[in-house]
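Handing you a structure now.
The values are calculated or read from the model by the stated rules, or taken from the named source; none is laboratory data. Computed from a predicted structure; not experimentally measured. Note that each Cβ is placed from the backbone with ideal geometry, even for glycine, and that neighbours are counted across all protein chains shown. Please note that ligands, DNA and RNA were not included when accessible areas were found on the heavy atoms of the full protein model with its side chains. Shrake-Rupley method; radii C 1.70, N 1.55, O 1.52, S 1.80 Å.
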Amino acid sequence: MSSRDSILAALRRNAPATSPLPEPPAGIVYPDPAKQFAEAFTSVGGKFVRLARREDIDPELEKIEAYAHARKIASLVAGIGRSNVDLNGLKDPHELEGLDVAIIAGEFGVAENGAVWVPGSALGPQRAIFVVTQHLVLVVPASELVHTMHQAYERIRFQGLGFGVFISGPSKTADIEQALVIGAHGARSCTLFLVG
Amino acid sequence: MIGHAEKAAPFAANEKRAHWHDQALWFVRLKRDRQAESIPEWEELRQTASAIKAHTLSRIADYLEEFERNATNNRIQVHWACDAAEHNAIVHKILADRGITRLVKSKSMLTEECHLNPYLEARGIEVTDTDLGERIVQLRHEPPSHIVLPAIHLKKEDIGELFHKELGTQAGASDPKYLTEAARGHLRQKFMAAQAGLTGVNFAVAETGGFVVCTNEGNADMGTSLPRVHIACMGFEKLVPRSKDLAVFLRLLARSATGQPVTSYTTHFHGPVRGGELHIVIVDNGRSTILGQETFRRSLSCIRCGACMNTCPVFRRSGGYSYGYTIPGPIGSLLAPLRDPKNFASLPFASSLCGSCSDVCPVKIDLHHELYAFRQDMVRGKRVPLAKRLAMAGMSYVLAQTWAYRLAGGLMRGIVPRMPRALVYGPWNPWGRQRELPPMPRHSARGLIQRDLTQKGAK
Amino acid sequence: MPRVGLFIPCYIDQFYPQVGLASWRLLRRLGIEVEFPEEQTCCGQPMANSGCAECTRPLAEKFLRIFGKYDYVVAPSGSCVSMVRNHYAQWLSGREGFDHLRANTFELCEYLVDVARVSKIDGDFPCKVGLHMSCHGLRELRLARSSELMVKPFNKVRFLLGQLRGIEIVELTRPDECCGFGGTFAVNEEAVSCLMGRDRLADHERAGAEIITGFDTSCLMHLEGLIRREKKPLRVMHVAEILEQARLS
Ligand code: SF4
């Protein structure tokens, strides 16, 4: 018998009587989800910026020090940012090394924890971009906020997705004496523009 | 094998360091409390999570087949391993067939359990643990001391010294920011050079044929989006039926683990990286046997959040290594002897049964009740010293006969106070090493109550 | 008038008779016609806690034989009551009278609040008191909300003590951490047990407690052992002693 079949047989033999599969509880509903989102995103070390219009993004970007001094910028949001890296021209994700800033569109934000859903399709030809870049900028429409992860998973379609990630702030670690250090392996900073 | 108490004693004896360890973990527990408090439906979430796990385990074979079907459709190659040896061989074969000699790993307790690193290293593969804490203990040639905080037993000075030696940081430097930056540079090189990435699995979803990995550092993302080959290893119990179940567990996991609302990266893999391959190895390694044990099967619901360790007053004062197993603390005290009762016979006793673990556990495993029950297995299996079993039998006999009990109690209270102190507090009296014995009063409570009654009657 | 049997655990009977007496008097003065059946000894917890199931059986059976006939059984010990409620089924399940016994055995404070519905205890106790929430009463009997659970806070013991005039219940930094007694754990894991106990004492001292109280004398015995060895200016008293002493004043 193959390992697969012997494992499955053992599991069938040893499984207890079936118990029911419950539905997830209704989650908390925030009176002001944008405010909650901003608090959560800030609490995880991210920088939250609320903007009324898309046109406000570019001037706001210039205020980010890392962006103002960046040599290599890649924007995956049409019409936003001084993009100077041709992502389609990269033969290999390793060539992303040295990228200073990546600008990426988030599909929606989750108020309870400040997470932003980024499907693989928003990451361009090399999905490594969100983690290899030194600094990350996310752009999310203000209309696209959900309260909790329960609502988040109602929205996500996994059919044909391939890859998707919730990003909540910059990369961080507290592995040395529980001291929080921002910028472990991934982005050293994460700025979020909530627009509209 | 020496027991938990013997290994715990030296840790507790260094009181200053033990207090520091205790405080560091208690701090995490408090952060967890604050996060849990912010969710009004917290207890309902725990209840749901527990029920989802129970349901999934009750139909686990069906769900695994569903997962396999959907994963295959997602171009994920599914492998099955009965035990650690098979798991290691599968991983090695994937690497060897492709001529891969440099592997980066993100945290996976399963590969620790299977001792994958030494297996691969012996076969010429360079394995780099990329979680900062894991890298630290790897450089020290130590196992992790905690499943979420692998280097929690170390001070920053220890790490500064290690990095000075291994990574060439300045002598005497111990600033966490500086050390983390040095590790970032060092590990970036490893990521850039790696030919394959290996990750654990936090949750796999039957309905979608994909899986989720949570990290704060982004190391799993680096390690799986730069190299072309990604291998993910999971115990079968990581499976949940539906994508909406992820919401329940993700809301609980990071809050319970580190007191964060969610990890920085919650990555969903439903297919290989562009032009690459994705393998998943589903491992049993003794788990199916546990599934068959009614008293202990709930331990398979564990989502490895580490909260039971942070809250455990014993763990905090005895350190992860005192358990001698990959997974320490309350859950480890079940999983270790379930796997090897002979060598881990002391672990079910390494608990005051305070129950804090059961109340903190996000999937409501009745940890302290299982530890209590396990003690009976140990006694039945004669894994508890004979002297102790005899003492209990004697005590039981005396307590079961009221006259014998009264006689023994009276004698003890009469004699002990008259004995020389050196005799009472000899090395045979572990109670009295740091504590006084209770007072030996003249009268028992029943005596006083009787007197009260007769005096009342007289009045 | 319901028949109420008083169970005094063996270590209270032998080492802390004043706790047994205070429980007896307190119940009587609150108008509860409590009886003390003489044949009682021990609930069997030391054996059960050590995993010696067969050594526990005769004691569980004895307990049922003695206390099965009462309407209620009350004990000034959270862990013994938990033994009856949460663990006796292993030996007594299906026995005549066991379901009744299990449903009607109460820890003292629990009995006063939930069954006797005592809402007012008259008395003075002008002291700073640290309340030790022993684990079994806390997490197995739910005498209070444990700090891990996200439910509405309540504390039946504190409710009773809070009735007394002049009492100040001090605020601990860790309101319900284990003291490290844990039955045989206190001896098996002596080093960790004593460190846990000393840490508890430090918390109470920092909070300014003069007296440490609780509903499990076993934990208090462990803490007192440390206090006396280190000659700390602290005292331990069972809740029953405080309530009884305050009433007298
Ligand atoms: S047993 Fe519960 S608390 Fe402990 S690691 Fe597992 S899920 Fe977390």
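Roughly what % of Cα-Cα distances in region C:27-105 sit above 16 Å, to the whole percent?
48
Now for a separate question. Specify the angular offset, from 0 to 90 degrees and rounded to the nearest 10, of the alpha carbon long axis of helix A:3-14 from the longest principal axis of the alpha carbons in chain A.
Tilt relative to chain A: about 60 degrees.
Turning to a different aspect of this structure: Take peptides B:38-51, B:279-292 and line them up by average Cβ neighbours within 10 Å, highest first, as a rough protection proxy.
Averaged packing, sorted descending, gives the order B:279-292, B:38-51.
Protein chains only, probe 1.4 Å: how do C:F159, A:F108 rank by accessible area, largest first?
C:F159, A:F108
OK, next. Given region B:1-144, report the % of alpha carbon pairs whose separation exceeds 24 Å.
When every Cα pair of region B:1-144 is considered, 61 percent fall beyond 24 Å.
Express in nm, to one decimal, how much length is gained between B:E207 and B:R418 on full extension, taking 0.36 nm for each residue of separation and deducting their alpha carbon distance.
68.6 nm
While we're on this one: Per residue, how big is the convex hull around the C-alpha atoms of region B:70-153? Give it to me in cubic angstrom, could you?
For region B:70-153, the hull spanned by Cα atoms encloses 112 Å³ per residue.
OK, next. Run down the lysines and flag those whose C-alpha is under 19 Å from the C-alpha of B:K388, throwing out any fewer than 8 positions away in its chain.
Qualifying lysines at Cα under 19 Å: B:K342.
Shifting gears a bit: Between B:A393 and C:M1, what FRET efficiency comes out of the Förster formula 1/(1 + (r/R0)^6) with R0 = 30 Å and r the beta carbon distance, rounded to 0.05?
Using R0 = 30 Å, I get an efficiency of 0.15.
Under 16 Å from the 7 Å Cα→Cβ point of A:A179, by amide nitrogen: which residues of region B:139-160?
Inside the label zone: B:151-160.
Give the residue from A:Y67, B:Q35, B:T289 lying farthest towards the positive end of the charge dipole for the protein assembly as shown; charges sit on Cβ (+1 for Lys and Arg, -1 for Asp and Glu) and the dipole is referred to the Cα centre.
My answer, from the dipole projection, is B:T289.
Are any of the pairs B:K177/B:K364; B:K105/B:K364; B:K31/B:K177 more than 28 Å apart by Cα-Cα distance, and if so, which?
B:K177/B:K364; B:K105/B:K364
For region A:67-80, what does the Karplus curve 6.51 cos²θ - 1.76 cosθ + 1.60, with θ = phi - 60°, yield as ³J(HN,Hα) per residue in whole Hz, taken in order and with x for Gly and Pro?
Ordered by residue, 3J(HN,Hα) equals 6, 4, 9, 5, 8, 10, 10, 10, 10, 9, 10, 4, x, 10 Hz.
List the residues whose amide H sits under 5 Å from the amide H of C:I169, counting only those 5 or more places along or on another chain, with H placed 1.01 Å from N in the peptide plane.
Residues meeting the amide H criterion: C:V129.
As I understand it, the value is the acute angle between the Cα axis of helix A:33-43 and the longest principal axis of the Cα atoms of chain A; what does it come to in degrees, rounded to 10?
On a 0 to 90 degree scale, this one is about 80.
Right, next: How charged is the neighbourhood of B:A84? Take every other residue with its Cβ under 13 Å from the Cβ of B:A84, and add Lys/Arg as +1 and Asp/Glu as -1. Working shown, then result.
Numbers: positive: B:R287, B:R339; negative: B:D83, B:E86, B:E112, B:E113, B:D284, B:D340.
With Lys, Arg at +1 and Asp, Glu at -1, the net is -4.
How large is the dipole of the protein assembly as shown about the Cα centre if only Lys and Arg carry +1 and Asp and Glu carry -1, each at its Cβ, rounded to the nearest 20 debye?
Computed charge dipole of the protein assembly as shown: roughly 2160 debye.
From other protein chains only, count the Cβ atoms within 10 Å of every residue's Cβ in B:28-37, then give the mean.
Partner-chain Cβ atoms within 10 Å, mean over residues of B:28-37: 2.
Something else now. Mind checking the log10 I(q)/I(0) for the protein assembly as shown at q = 0.04, 0.06, 0.07, 0.10 Å⁻¹? Debye, one equal scatterer per Cα, no solvent, two decimals.
-0.21, -0.46, -0.61, -1.11
I've got another one for you. How much of the DSSP bridge set in the protein assembly as shown is antiparallel, in percent, rounded to the nearest 5?
The answer is about 25 percent antiparallel.
Could you tell me the distance between the Cα centroids of region C:3-33 and region B:15-56, to the nearest Å?
Distance between centres, Cα-based: 38 Å.
Which of the aspartates and glutamates could a cross-linker span from C:K232 if the Cα-Cα distance has to be under 16 Å and same-chain partners fewer than 8 positions apart are dropped?
Within reach: B:E436, C:D199, C:D203, C:E205, C:E210, C:E224.
Of all the accessible heavy-atom surface of the protein assembly as shown, with the other protein chains kept in place and a 1.4 Å probe, what percent is carbon and sulfur?
53
Still on this structure: What three numbers, in Å, describe the spread of the alpha carbons of region B:39-285 along their principal axes, ordered from the longest?
Principal-axis extents of the Cα atoms in region B:39-285, largest first: 56, 50, 31 Å.
Also: Rounded to the nearest 0.05, what FRET efficiency is calculated for A:K35 and B:E181 with R0 set to 45 Å and r the Cβ-Cβ distance?
Numbers: r = 34 Å, r/R0 = 0.75.
Calculated transfer efficiency: 0.85.
Further question: About the Cα centre of region C:128-248, what is the dipole size in debye to 20, counting +1 per Lys and Arg Cβ and -1 per Asp and Glu Cβ, all else neutral?
Details: 18 positive and 17 negative charges, 72 e Å.
Approximately 340 debye in magnitude.
When Lys and Arg each count +1 and Asp and Glu each count -1, what net charge do the other residues less than 12 Å away from B:I290, Cβ to Cβ, add up to? Don't skip to the answer; put the middle values down first.
On the way: positive: B:R287, B:R297, B:R298, B:R339; negative: B:E237, B:D284, B:E294, B:E370.
Cβ neighbours under 12 Å give a net charge of 0.
Shape call for chain C from the C-alpha gyration tensor, a ≥ b ≥ c root eigenvalues: rounded (a/c under 1.5), prolate (a/b greater than b/c) or oblate?
oblate
Could you tell me the calculated FRET efficiency between A:D5 and C:K120, based on Cβ-Cβ distance and R0 = 51 angstrom, to the nearest 0.05?
Working from the Cβ atoms, E equals 0.15.
Now for a separate question. Per the helix-only calculation at 222 nm, which mean residue ellipticity applies to the protein assembly as shown, given -39500 (n - 2.57) for every DSSP H run of n ≥ 4 and division by its residues, nearest 500 deg cm²/dmol?
So the calculated ellipticity at 222 nm is -12500 deg cm²/dmol.
Hey, what's the Cα Rg ratio for region B:202-244 versus the globular rule of thumb, 2.2 N^0.38 Å? Kindly include the intermediate steps, with their values, before the conclusion.
Values: Rg = 11.5 Å, N = 43, 2.2 N^0.38 = 9.2 Å.
Relative to the 2.2 N^0.38 Å estimate, region B:202-244 comes out at 1.25.
Can you give the mean number of other chain Cβ atoms that lie within 10 Å of the Cβ atoms in peptide B:355-362?
5
For C:H132, what residues show an amide H to amide H distance below 5 Å, using hydrogens built from the backbone and excluding near sequence neighbours?
C:T213, C:G214
Which whole-number percent of Cα pairs in region A:30-195 have a distance greater than 22 Å?
41
Here's something else I'd like to know. With θ set to phi - 60° and the Karplus curve 6.51 cos²θ - 1.76 cosθ + 1.60, what are the ³J(HN,Hα) couplings of region A:189-196 in order, to the nearest whole Hz, using x for Gly and Pro?
8, 9, 9, 10, 9, 9, 10, x
Now for a different question. Quick one: buried accessible area between B and C, total over both chains, 1.4 angstrom probe, nearest 100 Å²?
The contact between C and B buries close to 6600 Å².
Then there is this: Which of the three applies to region B:359-459, rounded, prolate or oblate, going by the alpha-carbon gyration tensor with a ≥ b ≥ c and a/c under 1.5 meaning rounded?
Details: a/c = 2.04, a/b = 1.51, b/c = 1.35.
Prolate is the answer for region B:359-459, as a/c is 1.5 or above and a/b outweighs b/c.
On to the next question. Going toward the positive end of the dipole of region B:344-396, with +1 on Lys and Arg Cβ and -1 on Asp and Glu Cβ, which of B:C354, B:I365, B:L390 do you reach last?
So the residue we want is B:L390.
Which whole-number value in Å² is the accessible area per residue of the protein assembly as shown, probe 1.4 Å?
Each residue of the protein assembly as shown exposes 36 Å² on average to a 1.4 Å probe.
Also, I was wondering about something else. Whole angstrom only: what separates the Cα centroid of region B:401-450 from the Cα centroid of region A:86-147?
About 71 Å separates the Cα centre of region B:401-450 from the one of region A:86-147.
On the full set of protein chains, 1.4 Å probe, figure out the accessible area of C:E189 and give it in Å² to the nearest 10.
10
Compute log10 of I(q)/I(0) for chain B with the Debye formula, placing one identical point scatterer on every Cα and leaving out solvent, at q = 0.05, 0.07, 0.10, 0.13 Å⁻¹, to two decimals.
-0.23, -0.44, -0.80, -1.23
For region C:151-166, just list the computed ³J(HN,Hα) in residue order, Karplus coefficients 6.51, -1.76 and 1.60, θ = phi - 60°, integers in Hz, with x standing in for Gly and Pro.
Each residue's phi maps through the Karplus curve to give 10, 4, x, 7, 7, 5, 6, 5, 4, 5, 4, x, 6, 6, 6, x Hz.
To check my understanding: the extent here is largest minus smallest coordinate of the Cα atoms along each principal axis. What are those three numbers for region A:77-148, in Å, largest first?
39, 22, 20
Going by amide H atoms built from the backbone, whose H comes under 5 Å of the H on A:F163, apart from near neighbours?
Amide H neighbours of A:F163: A:G120, B:H270.
At 7 Å along Cα-to-Cβ for each site, give me the label-to-label distance between B:W428 and B:A193 in nm.
For the pair B:W428/B:A193, the computed spacing is 6.3 nm.
Name the residue from A:P170, A:L90, A:A40 whose Cα lies farthest towards the positive end of the charge dipole of chain A, charges +1 on Cβ of Lys and Arg and -1 on Cβ of Asp and Glu.
A:L90
Return the Cα extents of region A:14-95 along principal axes one, two and three, sorted largest first, each rounded to a whole Å.
Taking max minus min along each principal axis of the Cα atoms, region A:14-95 gives 61, 41, 23 Å.
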